[in-house]
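Participant: Got a structure for you, written out below as structure tokens; questions coming shortly.
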There are 6 protein chains.
Amino acid sequence: MTSIQRPSGRAPDQLRPLSLQRRYTCHAEGSVLISCGDTRVLCTASVEEKVPPFLRGKGEGWITAEYGMLPRATKERTQREAARGGQGGRTMEIQRLIGRSLRACVDRSALGERTITLDCDVLQADGGTRCAAITGAYVALVDAIRQLQARRVIKKDPIFGAIAAVSVGICKGQPVLDLDYAEDAGCDTDMNVVMNDGGGFIELQGTAEGHAFRPDELQAMLALAGKGVAELIAAQRAALAER
Amino acid sequence: MTSIQRPSGRAPDQLRPLSLQRRYTCHAEGSVLISCGDTRVLCTASVEEKVPPFLRGKGEGWITAEYGMLPRATKERTQREAARGGQGGRTMEIQRLIGRSLRACVDRSALGERTITLDCDVLQADGGTRCAAITGAYVALVDAIRQLQARRVIKKDPIFGAIAAVSVGICKGQPVLDLDYAEDAGCDTDMNVVMNDGGGFIELQGTAEGHAFRPDELQAMLALAGKGVAELIAAQRAALAER
Amino acid sequence: MTSIQRPSGRAPDQLRPLSLQRRYTCHAEGSVLISCGDTRVLCTASVEEKVPPFLRGKGEGWITAEYGMLPRATKERTQREAARGGQGGRTMEIQRLIGRSLRACVDRSALGERTITLDCDVLQADGGTRCAAITGAYVALVDAIRQLQARRVIKKDPIFGAIAAVSVGICKGQPVLDLDYAEDAGCDTDMNVVMNDGGGFIELQGTAEGHAFRPDELQAMLALAGKGVAELIAAQRAALAER
Amino acid sequence: MTSIQRPSGRAPDQLRPLSLQRRYTCHAEGSVLISCGDTRVLCTASVEEKVPPFLRGKGEGWITAEYGMLPRATKERTQREAARGGQGGRTMEIQRLIGRSLRACVDRSALGERTITLDCDVLQADGGTRCAAITGAYVALVDAIRQLQARRVIKKDPIFGAIAAVSVGICKGQPVLDLDYAEDAGCDTDMNVVMNDGGGFIELQGTAEGHAFRPDELQAMLALAGKGVAELIAAQRAALAER
Amino acid sequence: MTSIQRPSGRAPDQLRPLSLQRRYTCHAEGSVLISCGDTRVLCTASVEEKVPPFLRGKGEGWITAEYGMLPRATKERTQREAARGGQGGRTMEIQRLIGRSLRACVDRSALGERTITLDCDVLQADGGTRCAAITGAYVALVDAIRQLQARRVIKKDPIFGAIAAVSVGICKGQPVLDLDYAEDAGCDTDMNVVMNDGGGFIELQGTAEGHAFRPDELQAMLALAGKGVAELIAAQRAALAER
Amino acid sequence: MTSIQRPSGRAPDQLRPLSLQRRYTCHAEGSVLISCGDTRVLCTASVEEKVPPFLRGKGEGWITAEYGMLPRATKERTQREAARGGQGGRTMEIQRLIGRSLRACVDRSALGERTITLDCDVLQADGGTRCAAITGAYVALVDAIRQLQARRVIKKDPIFGAIAAVSVGICKGQPVLDLDYAEDAGCDTDMNVVMNDGGGFIELQGTAEGHAFRPDELQAMLALAGKGVAELIAAQRAALAER
């Protein structure tokens, strides 16, 4: 199949330039600025010595996430959710996804009765913000856990495996990896795939925008996602290997 | 593979008893009570001669959905969202899914500048409420459209294809179709699949609860979903064929 | 006095066809679908082993009610209160009335420190929803209490007497019983009367819509209400006598 | 019948000392401080040259009311509703009652397309605040209408008749008029009666607190209410006769 | 410098007629109606035997304030904050200022673990409401403290010094004291000054409305404020000296 | 006077290291990251071709500001305002201050009927965030105006003069400039001063935390503020001189 030209000039299976900047801010136990092309998300991990009511006294910890978008992270200014009086449906959907995804790589018993909150705030948006948030939040989470271990608050590492996420889609009939905003807007199908380092699926959220997608298209997208997530996990490892 | 015993005694690929009761209430243009086992959702379609601001003057219609759960639809009473002061994240996520799914089978130009709102209210919950809502809302939507056609308000049928949804999962290693609450709670993976009558995917939302799911598990679940949706669409057709 | 023709063709002192369907849903301790003509309200009674803060440690129970209307229970779709961000004044007024009315037949010391919440959700509205809610909720409440007695959680029956409610009005000079929506809209006076099986008044809420009502009109309405409530209480008894 | 001793030493059919102070504040078109014993309510009438959406273009005006209680109008401080994020059920119930009651004496066509809002704010509470609000708001309303007439904005007087309200109750078996807080708290039945100067009923809201009330008790209470309202209307007239 | 004519005819350094009416309402521990010209604010002090969570167990008390404006305190009716669903930014800013100001004259250890809430409700507004609120609330606070001492709940007087506030401004180049609404609206600079009886500054909030103000203008305004506050504190003393 | 040692080792009249990074994000018409020591605020200016209702048709523009703090900008995580359901009093107070301050240097007629919104989001907090926000927002505002001029949307430069803000305080008796968090927490007095490049005051907000401040202390603080603002304005000019 001859591949169509992507707006960014990338190959169909090519990720956007990626960077993971640890210790981006100074107060949080983990603080990572992830850039995927022009998408930039600040992911902080905050440790608190308490758990939500439904977990009290069970000896287990909790991992949760909140997502926000600065008003002018986008091309047109969007109204500030705090000023509007609450979080919208899209925000809630995304932060629930981030939380679920990261809980999938944590042994919550080993964490003990504490909560780690992952705040993912989009400073600049160019598509794929929820996937960038998951990929970056994983690194912030590991940093926060390492600090707990260094402080000897927990003994056993509660993290098993790595988690990253990427979007895939079908654009003008072509399966493509890691859509930017221009591509996303014109796409027939958009899927967010969260996977672990064993190639297992954590979350799969596919939406037909234009026409329904066929099983073979699904397979092609999943193959691209597998390749992309492998590269993202390699980048996470490299970032975490730095001092 | 020897199949495990399901709590309901159903075969792994067996749907729950299904019924679609049209004209369940008298005011709405479409009103369907769908029962999937003990899950009962009242789906009404309401036609209004206006569109949201972002569509005004574009000659296109809009399809949207709202989802609610009566406080005692569940085993334990849950707080009424109106009393709590707003819809929670789960509700918003579900109603966005229902709306997107049904928009995927409607030619909004043929609908003209009007809105059809699908209210899906769970009277009794036993798992799979969002899938039941989509399957039932489709029938209510068709009834509302038929009324518009009968009143000669629209000429061309804006509906193309049929849409239904079913949940699938991996329970104790076994891929199963149409999970009830008991099964859902103990499952490793839970996926909601929205498909059309051409076998195309409209929405795919899979979540690993216990462990990440493998590509072969995904294929097995998708195969079950395809079978289930085909049966649901046949039931929709049969219901709509009645006077 | 020659009576005017009612829109429904009923005699001035005639109730609408009534049905009380117990165990309409499966989870609640009491679950009753009441139909008064085209008005249909689902009344569930939920028992919880806690009381509001102002009653803690006093050895008394609490009876409270919540009221809701499905968006398309009405001729025109009304906005969902959960989506609008809270309950409106009419809803609050009605649910306070239901709660007060039912507390009037319960010995709260005999109930012990537990709360019974009566959720009254209107599936279809054709006038008189608050009265139907009270009449149906009484049956659901008795069912919930019986279950507590059967489970030997409470010893003494906390219910004394029966409670039912009906609307009366003056339409075109004619006192009439149990107004439906068409009648209610064109009425000069509308009164909701809650009574017990001893003929005592629990609540009386009369509103002059067109002109002020005279003492003799009040007496005529109260007489009709007495007759109607007696019939409703008989129907409650019959329903509760079934297994 | 030998009458019991009332906490205030009043005769069973005796109103509390009443005063109606017009032009209490300077900005409102009508501004009345009503004192009924220790209950003090500031009632202002504000004219605005607009109507709610449902009345636009119909040539009719609107009368509406809002009710509030200063946090320390009561014995114990109650939380400020603005700080709590909204009006409670009791507030909504009361302000709906005030609005309905006053609409019953206004020809809204003669008023023209304008709104008069009656703000009733309780400065000090000692029972009977909603009745005091109605009685005082009537005077504020007349003042605002007079100003419209003086400014020749309207020609025909839209006010027909006078409206006042009083509470009655059964305390220790004794029917009594105009309950103060001490009396109200210990009462078996509490009824608010809104009447016009022709002796017609506008609103009747009776609640059995302790035991259901009998028809003869109702008659006794209504007789007291008739006497009380006549005195209140005489006081309104006297106040309005002053320059 | 020849002084310009003020709208009120006052001299540049002249306060409006001031009155402080103690025991204006009967329930609050302190209740003061302050009138500064046509500005009238009811200030009540309520004592509660509890402190906010952040102070529990520390042996210290808390002083806080809430501010409100009756809807028709102003020339045009303003929407009721409780009906609008919350307090606006201006309200929050003002009540935070009142609270901070009064905490500056209270030894919170001597107060013990109790909270005094100062509710400042504007009955009629003509400029300078926040300053009037502070000046009046101080008197209400002292009355509440005296009652605690009289009841021997506290031993040591926790009040040190007196606090009052006044506005100053530059109007048409002329520094003026205690602006009313007409003056405030046309002013270049508006400053609220809270001072104690030692001539020290508690709060200083100046805003250039038209052009930036120069250091010499600031000095002139501060001199006027000092004179005004001294007179206000004298009036507080006189009021508190009455029985 | 021998100066006390500041926690940061700075001289009493020394600002923290300052940087102003323009074009920090790509979508906004102006986007500046200001760092004042460890305080980092992202200030974006967004131009919209509309004005608030109260300005429609008047030919004038509007400048407004919103302020936010990322949850983990602070030492302890603070709750996200969007999740809490609205902006708190401190946020509202600050964003009102920023808006007022910047309006003081803009000729709104020359701007025409358009709105510039300054979003100031604190990425990292170490005291002085509101002052940093004002100083940074000024640069973002100028960038947005320059773009409007470059696009020939406006002809006349609506900016007159420069605006910057700094905090000053009295710490252990010593007047100091530009307080960081450690210093601020232990300070007796804290004042935020907004000035223009002509040495005029735009806003002055001083609060006595410990004891009231004397006139001579006020003068010392104002002198420090004048020095600090002059340096900040020089830095703004240097940043704006870059391409």
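The values are calculated or read from the model by the stated rules, or taken from the named source; none is laboratory data. Keep in mind that this is a model prediction, so the values were computed, not measured. All Cβ positions, glycine included, derive from the backbone under ideal geometry; neighbour counts span all protein chains shown. Just so you know, the surface numbers come from the protein's heavy atoms only, side chains and all, with ligands and any DNA or RNA stripped out. Shrake-Rupley method; radii C 1.70, N 1.55, O 1.52, S 1.80 Å.
Participant: Has the stretch D:72-83 got at least one residue that is touching a strand residue (DSSP E or B) at 6+ places or on another chain (Cβ under 9 Å), in contact (Cβ under 8 Å) with a residue 60 or more places away in the chain, more than 13 Å from chain C (Cβ to nearest Cβ) and polar (S, T, N, Q)?
Facilitator: No, because not a single residue in the stretch D:72-83 is touching a strand residue (DSSP E or B) at 6+ places or on another chain (Cβ under 9 Å), in contact (Cβ under 8 Å) with a residue 60 or more places away in the chain, more than 13 Å from chain C (Cβ to nearest Cβ) and polar (S, T, N, Q).
Participant: In the stretch F:85-114, which residues are farther than 25 Å from E:Gln87 by Cα and either more than 8 Å from every other protein chain (Cβ to nearest Cβ) or open to solvent by less than 20 Å² (accessible area, probe 1.4 Å) (or both)? Walk me through how you get there before you give the answer.
Facilitator: Applying the first criterion (farther than 25 Å from E:Gln87 by Cα) to the stretch F:85-114 yields F:104-114.
Correct list: F:Cys105, F:Val106, F:Asp107, F:Arg108, F:Ser109, F:Ala110, F:Leu111, F:Gly112, F:Glu113, F:Arg114.
Participant: Return yes or no: is E:Ala104 in contact with a His (Cβ under 9 Å, 6 or more places away or on another chain) and of a type in the set (A, V, I, L, M)?
Facilitator: yes
Participant: How about the stretch B:182-198: which of its residues are more than 7 Å from chain A (Cβ to nearest Cβ) and modelled with pLDDT of 95 or more?
Facilitator: The answer is B:Met191, B:Asn192, B:Val193, B:Val194, B:Met195, B:Asp197.
Participant: Residues in the stretch D:17-49 that are away from every other protein chain (no Cβ under 14 Å) and among the basic types (Lys, Arg): how many?
Facilitator: 1
Participant: Give the residues of the stretch F:205-243 that are farther than 19 Å from F:Gly173 by Cα and either crowded, with 22+ Cβ neighbours inside 10 Å or charged (D, E, K, R) (or both), sorted by residue number.
Facilitator: Of everything in the stretch F:205-243, those that are farther than 19 Å from F:Gly173 by Cα and either crowded, with 22+ Cβ neighbours inside 10 Å or charged (D, E, K, R) (or both) turn out to be F:Lys227, F:Gly228, F:Val229, F:Glu231, F:Leu232, F:Gln236, F:Arg237, F:Glu242, F:Arg243.
Participant: Tell me yes or no: at least one residue of the stretch F:43-50 is closer than 30 Å to A:Glu29 by Cα and in contact with a helix residue (DSSP H, G or I) (Cβ under 9 Å, 6 or more places away or on another chain).
Facilitator: yes
Participant: Mind counting the residues in the stretch A:130-146 that are within 14 Å of chain F (Cβ to nearest Cβ), open to solvent by 10 Å² or more (accessible area, probe 1.4 Å) and farther than 20 Å from F:Glu76 by Cβ?
Facilitator: Residues that pass the stated criteria total 0.
Participant: Out of B:Glu60, B:Glu66, I need the residue that is in contact with a helix residue (DSSP H, G or I) (Cβ under 6 Å, 6 or more places away or on another chain), open to solvent by 10 Å² or more (accessible area, probe 1.4 Å) and within 7 Å of chain C (Cβ to nearest Cβ). Which one?
Facilitator: Just a single option satisfies the conditions, and that option is B:Glu66.
Participant: Out of the stretch A:147-176, which residues are β-branched (Val, Ile, Thr) and surrounded by fewer than 21 Cβ atoms within 10 Å (Cβ to Cβ)?
Facilitator: Once the filter is applied, which keeps residues that are β-branched (Val, Ile, Thr) and surrounded by fewer than 21 Cβ atoms within 10 Å (Cβ to Cβ), the stretch A:147-176 yields A:Val153, A:Ile154, A:Ile159.
Participant: Search the stretch A:69-84 for residues being surrounded by fewer than 16 Cβ atoms within 10 Å (Cβ to Cβ) and of a type in the set (Lys, Arg), and hand back the single one that is nearest to A:Ala125 (Cα to Cα).
Facilitator: The qualifying residue nearest to A:Ala125 (Cα to Cα) is A:Lys75.
Participant: Is it true that B:Gln219 is at pLDDT 95 or above and among the polar types (S, T, N, Q)?
Facilitator: Against the criterion (at pLDDT 95 or above and among the polar types (S, T, N, Q)), B:Gln219 qualifies.
Participant: Filter the stretch E:107-127 for residues that are assigned to a strand (DSSP E or B) and under 30 Å from D:Cys26 (Cα atoms) and give the result.
Facilitator: Filtering the stretch E:107-127 for residues assigned to a strand (DSSP E or B) gives E:115-124.
Answer for the stretch E:107-127, where residues must be assigned to a strand (DSSP E or B) and under 30 Å from D:Cys26 (Cα atoms): E:Thr117, E:Leu118, E:Asp119, E:Cys120, E:Asp121, E:Val122, E:Leu123, E:Gln124.
Participant: Examine the stretch F:37-44 for a residue that is open to solvent by less than 30 Å² (accessible area, probe 1.4 Å) and over 22 Å from the mean Cα position of the chain (by Cα), and state whether such a residue exists.
Facilitator: no
Participant: Here's a follow-up. Here are some conditions: (1) basic (Lys, Arg); (2) part of a loop (DSSP other than H, G, I, E, B); (3) at pLDDT 95 or above. A:Arg146 meets all but one. Which one does it not meet?
Facilitator: (2)
Participant: Follow-up. Which ones in the stretch F:158-187 are in a loop (DSSP other than H, G, I, E, B) and in contact (Cβ under 8 Å) with a residue 60 or more places away in the chain?
Facilitator: Quick first cut of the stretch F:158-187, residues in a loop (DSSP other than H, G, I, E, B) only: F:158, F:160-162, F:172-173, F:178-180, F:186-187.
Those that are in a loop (DSSP other than H, G, I, E, B) and in contact (Cβ under 8 Å) with a residue 60 or more places away in the chain: F:Pro158, F:Ala162, F:Lys172, F:Gly173, F:Asp178, F:Asp180.
Participant: Out of the residues in the stretch A:15-28 that are in contact with an Asp or Glu (Cβ under 7 Å, 6 or more places away or on another chain) and buried (at least 17 other Cβ atoms within 10 Å of the Cβ), state the one that is nearest to A:Arg243 (Cα to Cα).
Facilitator: Of everything passing the filter in the stretch A:15-28, A:Arg22 is nearest to A:Arg243 (Cα to Cα).
Participant: Let me ask something else about it. Can you tell which of C:Arg90, C:Arg84, C:Arg77 is in contact with an Asp or Glu (Cβ under 9 Å, 6 or more places away or on another chain), at negative phi and among the charged types (D, E, K, R)? Step through it out loud before you land on a result.
Facilitator: On the way: C:Arg90 fails: in contact with an Asp or Glu (Cβ under 9 Å, 6 or more places away or on another chain); C:Arg84 fails: in contact with an Asp or Glu (Cβ under 9 Å, 6 or more places away or on another chain).
Just one listed residue meets the conditions, C:Arg77.
Participant: Condition first: open to solvent by 40 Å² or more (accessible area, probe 1.4 Å) and hydrophobic (A, V, I, L, M, F, W, C). Now tell me which residues in the stretch C:177-203 satisfy that.
Facilitator: Answer for the stretch C:177-203, where residues must be open to solvent by 40 Å² or more (accessible area, probe 1.4 Å) and hydrophobic (A, V, I, L, M, F, W, C): C:Ala182, C:Ala185.
Participant: Would you call E:Leu232 in a helix (DSSP H, G or I) and either more than 19 Å from E:Gly37 (Cβ to Cβ) or out of contact with any helix residue (DSSP H, G or I) (no Cβ under 8 Å at 6 or more places or on another chain) (or both)?
Facilitator: no
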